[in-house]
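Undergrad: Pasting in a structure now, in structure tokens, and then I'll have a few things to ask.
Derivation of every value follows stated rules applied to the coordinates shown; laboratory data play no part. Here the structure is a predicted model, which is why all the values come from computation and not from measurement. Cβ: placed from backbone, ideal geometry, glycine included. Neighbour counts: every protein chain shown.
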Amino acid sequence: MAEVRFQSVRKTFGKVTAVDDVDLDVADGEFVVLLGPSGCGKTTLLRCLAGLETVDSGRIHIGNRDATDLPPRRRRISMVFQSYAVFPHLRVRDNIAFGLKMQKEPSRVIKERVESVAALLGITDLLDRYPSQISGGQRQRVAVARAIAVRSDVLLMDEPLSNLDALLRLQMRAELKALLLELGATTIYVTHDQTEALSMGDRIAVMQGGRIVQLDTPLEVYDHPTEKFVGDFVGTPPMNFLAARVEQNGGGQVAQLSGGTLPLQGVGDLVGRDLFLGIRAEAIAVEAEPSDHAIRAAVVVNEPLGSHNLITVRAGTDLLKVSAGNHFFPEPGSDVWLRLVPDKIRWIDRDSGKAVAVTRDQAVAPA
Amino acid sequence: MEAAVAPRATIGRRLRRREGLPYWLILPTVAYMGIFFVWPMIQAFELSVRVGGHWTFSPFRTMYHDIRFGQALHFTLLFIAIIIPVQFVLALTMALIANSDIRFRGIFLFLFILPLGASDLAAGLAWSSIFTQHGYLNTILQDLGLRHTPYIFINPQHQTQLTLEIVAAEVWRSTALITVILMAGLQGIPKEYGEAAEVFGAGYFRRLWTVTLPMLKPAIQVALLLRIVLAFEVFAVVLAIGGQTTTTLALEAWNWQTSYLNPHVAAAYAALILAFSLVAAAVVIRLFRTRPEQLLR
Amino acid sequence: MSIRRRKQLSRVMLYTLAVILALWTLFPIYLITLGAFSTENAIYSYPLQLWPHHVTASTLSFFVNSAGVIPSLERSVWVLLITLALSLGVGLPAGYALARFKFPGANLLRLGVVGTRAFPIVILAIPLAATFIRWGIDDSVLGVAIAHTALALPFAILTTSSIFAGISVELEEAAMTLGCSRASAFARVILPLALPGLAASAIFVVVLSWNEVFAASTLTVLHRTLPAQVVAVLDQALLPYRFAGGFFLLAPPLVMIFVIRRFLFGMWGQVVK
């Protein structure tokens, strides 16, 4: 296993810049997820690491070697493709053994390794079948088995779960994570599914327009998005963003929202700026009765999700999604009162879309 | 962090090597076609206008004044005029049948396209065995009681009759190719268009005329082009059935090359054939041009 | 007439038409086969037998043993082998390039390759005859093979291109990440998968070469290939020779077409662009 370093990597296709001067350090044994919408450059970055695309500028280091000019086969990587790319003309056994055969390992070693890897992925009884004779989910396991059988320095995965149906995907997610944890493999994993990214990665690199927008642990990315884009993209449901203006109010401040006002403390440097107030659904308490500093909103639709209810409400001109208990069923059109948890509020500058750093202690002014 | 100045050169070199691969792969083809296709064609033109180092039109004059030239020209053009419509109707019928939902359509299709394996020589030999004086057609006519003595089908005096017989042989042989092309085109037409037309009251032939055929235009264009070019190459089937009493432009070219040992006149014939082919190709392309707005891509 | 009745009637007509057309196709093949396997006497008698009467291989063997047939047959085989090797050897890389790479000039190449079909073989064979004399390969198997390759190359390129395009590029990439160079990824992964399609194309090229008459007749004098040999003696050829010769020329391609029948539509679908 080895660490990976991207240095100012740039890749263009004609006039389109797919990867725009990206720097990224991945530690030995770390699981980093490249997350972003389609077209953000995550797959291109992965392919540059694999050597399937040549970079236009920048360097890529794998371990202590500069791999930038090396062809894929010399980089000591292995890869799981989105379509699995399991060789149709070879049995499962020979698929898994392929990389080892290329490395000219003795057949005894190959046999042993194939069988142990197959056991790890639960496909031992499929070894003598052909890919056309097994299901998509099983083929996916073969692809993973083939990749880990070679004991490469870095494991690359390009949306390996996206072609599985929802239930299988959930199951494989956990299995894969446990497996990779046990192997201690340096893994770079590409996905557009933010749930996958949050649940699997040690760190997430959120990408947009060819750049890494935020590189952090899942919790940090979830809790402290550096940009409005990250708040929108990560989390189910996305973070709520309310247009706000902060004004000085005596010793403290007050946020002017479309649906009401919110007293604040200690946010003096936000005064006079056009901002977004960001807050997640679960950080808003929903009540049927008014209370101090609560914001009034009208219920638009209630989506019961079993464990809780996701209610879409309108406060002024803002539409928010809030979480309520699974026994709370307000009538559409009726009023509810929202109390925002103060230290869960995130401020985004409306012009730049970037997060505004504030001191941590914001509190609702006591009555 | 080493800035990428020296490394950039390596990248550049490697890029050129990597991205140069397709050009190396097509090099043999480009070279081959250049040497053995483009160059010979230029030479053909040269042969037809250059004799013994002098530029001259004499090969063309010789060709024009040759007795057999008029006959060859007449036959070739007549042949094409007759065979094209006949073949296309036949091929379309076969393709439509094979594209319908009758049982055994796979077998029918295979039988329809079987003559793809027949060279024009083999077809000529097969059909000459039918048309020859003591051949199969006369046998059948006699067995059916329609005739008491053999009819002379292969009669140098009846050139038109000979032409039709040669047309029959060629129709038998080369319709298969057109059927395949039209089949491929038909399979590209989604069924929904015909079904929609049917729902709106169009009967079979109306649907054929207003929906199927217009969408088949690209395939018809290709088939027509191919067929016309191939028709100008007609050679062995004529020899097999009519001997040297009938002649085509290609046959004359062959005669001048191999019997009279005059490559210049042969090249003149070849140039004429090419000119006809290209004119026909241009006409076909023009006639069957589909306006871009009409295509749903 | 009710709709049901009308439908039944039209189906009957359809089947009838199909059968008639199928019989029309089979008829000459049947007749020449019949003739080829009849005795010489039967062939000279009139009216001819329309059903197999006295099946014999004597007429065929008479043909095969006629002057010049066996050597010309040998030469035809050599020509098609060389044509096959040349057209695949030159065309396969180009087909691969067209399938896998987007490079400037790809469309031009494709157009050029397809466009060669607009040029009749006549304009190619005549000058080649002169050129081959200059190069010393006139009247040779190699000369004919060169001409046949020029004919078969466009076809080889288009079909190999479509075969490779139909094989996912990720398979090659996977092989490359597992230790293969581009070449060995091609050999170990792509080639085995492409083999059935390539075999079918190869057979079609063989049929093309076996059947080609004009170039063969123009480029050979003493060292004729089979079609050229038959053409040369055609005006003196008697009925048995014609029957047997026709059958001999027809049978191998028909068998080969039968073998590759399933691939035929894929191949020609390509030419329709």
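Undergrad: Sort out for me the Cα centre separation of the range C:76-96 from the range B:183-230, rounded to whole Å.
TA: 35
Undergrad: Here's something else I'd like to know. Could you go through the range A:322-334 in sequence order and give the Karplus-derived ³J(HN,Hα) for each residue, using 6.51 cos²θ - 1.76 cosθ + 1.60 with θ = phi - 60°, rounded to whole Hz, and x for Gly and Pro?
TA: In residue order, the calculated couplings are 10, 9, 9, x, 7, 10, 9, 10, x, 6, x, x, 6 Hz.
Undergrad: Another one. Treating the Cα atoms of the range C:6-134 as identical point scatterers in vacuum, please give the log10 of the normalised Debye intensity I(q)/I(0) at q = 0.12, 0.20, 0.22 Å⁻¹, two decimals.
TA: Once normalised to I(0) and log-transformed, intensities are -0.94, -1.15, -1.26.
Undergrad: Another question about this same structure. Tell me what chain C gives for mean residue ellipticity at 222 nm when only DSSP H runs of n ≥ 4 count, each as -39,500 (n - 2.57), the sum divided by the residue total, rounded to 500 deg cm²/dmol. Mind dumping the intermediate values first?
TA: Details: 14 runs with 204 residues, N = 273.
The helix-only estimate for chain C comes to -24500 deg cm²/dmol at 222 nm.
Undergrad: In whole Hz, what ³J(HN,Hα) sequence does the range A:120-132 give by Karplus (6.51, -1.76, 1.60; θ = phi - 60°), x for Gly and Pro?
TA: Result, ordered by residue: 4, 9, x, 10, 4, 7, 9, 4, 9, 8, 9, x, 5 Hz.
Undergrad: For the range B:62-74, in order, what is each residue's ³J(HN,Hα) by Karplus, 6.51 cos²θ - 1.76 cosθ + 1.60 with θ = phi - 60°, in whole Hz (x at glycine and Pro)?
TA: 4, 4, 5, 8, 5, 4, 7, 4, x, 4, 4, 4, 4
Undergrad: Scan around B:VAL51 for amide H atoms under 5 Å from its own, H built in the peptide plane at 1.01 Å from N, and keep only partners 5 or more places away or cross-chain.
TA: B:THR56
Undergrad: Continuing with the same structure: Non-local amide H neighbours of A:ASN249 (under 5 Å, H modeled in plane, Pro and chain starts lacking H): which ones?
TA: Hits under the 5 Å cutoff: A:VAL254.
Undergrad: May I pose another question? So how do A:VAL300, C:VAL231 line up by other beta-carbon neighbours within 10 Å, fewest first? The partial results should precede the final answer.
TA: Numbers: A:VAL300 14, C:VAL231 23.
Neighbour counts put them in this order, fewest first: A:VAL300, C:VAL231.
Undergrad: Further, regarding this structure: 222 nm [θ] for chain A, helices only, -39500 (n - 2.57) per DSSP H run of 4+, per residue, to 500? Can you show the working numbers first?
TA: Details: 8 runs with 85 residues, N = 367.
Taking each H run of at least 4 residues, the total per residue is -7000 deg cm²/dmol.
Undergrad: Given an 8 Å cut-off on Cα distances and at least 6 residues of separation, report the relative contact order of the range A:90-173 as a percent.
TA: Numbers: 67 pairs, mean separation 30.5, N = 84.
Relative CO of the range A:90-173 lands at 36 percent.
Undergrad: Sticking with this one: What is the mean projected area of the alpha carbon convex hull for the protein assembly as shown, to one decimal in square nanometres? Don't skip to the end; give the middle numbers.
TA: Values: hull surface 217.9 nm².
About 54.5 nm², averaged over all directions.
Undergrad: Gap in Å between the Cα centre of the range C:174-191 and the Cα centre of the range B:231-276?
TA: Taking the Cα centre of each part, the range B:231-276 and the range C:174-191 sit 50 Å apart.
Undergrad: Tell me which aspartates and glutamates have Cα within less than 15 Å of B:LYS191's Cα, excluding those fewer than 8 residues away on the same chain?
TA: List returned: B:ASP101.
Undergrad: Which links in A:LYS42/A:LYS101; A:LYS42/A:LYS354; A:LYS321/A:LYS354; B:LYS217/C:LYS7; A:LYS11/A:LYS104; A:LYS15/A:LYS177 stretch past 27 Å when you go from one Cα to the other? Before the final figure, lay out each step's value.
TA: Values: A:LYS42/A:LYS101 30 Å; A:LYS42/A:LYS354 21 Å; A:LYS321/A:LYS354 22 Å; B:LYS217/C:LYS7 29 Å; A:LYS11/A:LYS104 34 Å; A:LYS15/A:LYS177 38 Å.
Over 27 Å Cα-Cα: A:LYS42/A:LYS101; B:LYS217/C:LYS7; A:LYS11/A:LYS104; A:LYS15/A:LYS177.
Undergrad: Same structure again: Hey, got the average number of other protein chain Cβ atoms within 10 angstrom for residues in B:145-155?
TA: Numbers: counts 0, 0, 0, 0, 0, 2, 0, 0, 0, 0, 0.
Partner Cβ neighbours, averaged per residue: 0.
Undergrad: What is the distance in Å between the Cα centroid of the range C:225-262 and that of the range A:211-287?
TA: 86
Undergrad: Got a sec? How would B:PHE200, C:PHE37 order by Cβ neighbour count within 10 Å, fewest to most?
TA: Working: B:PHE200 8, C:PHE37 20.
Ascending Cβ contact count within 10 Å gives the list B:PHE200, C:PHE37.
Undergrad: Return the long-range amide H neighbours of A:TYR84 (sequence gap of 5 or more, or a different chain), with a cut-off of under 5 Å between placed amide H atoms.
TA: For A:TYR84, no residues qualify.
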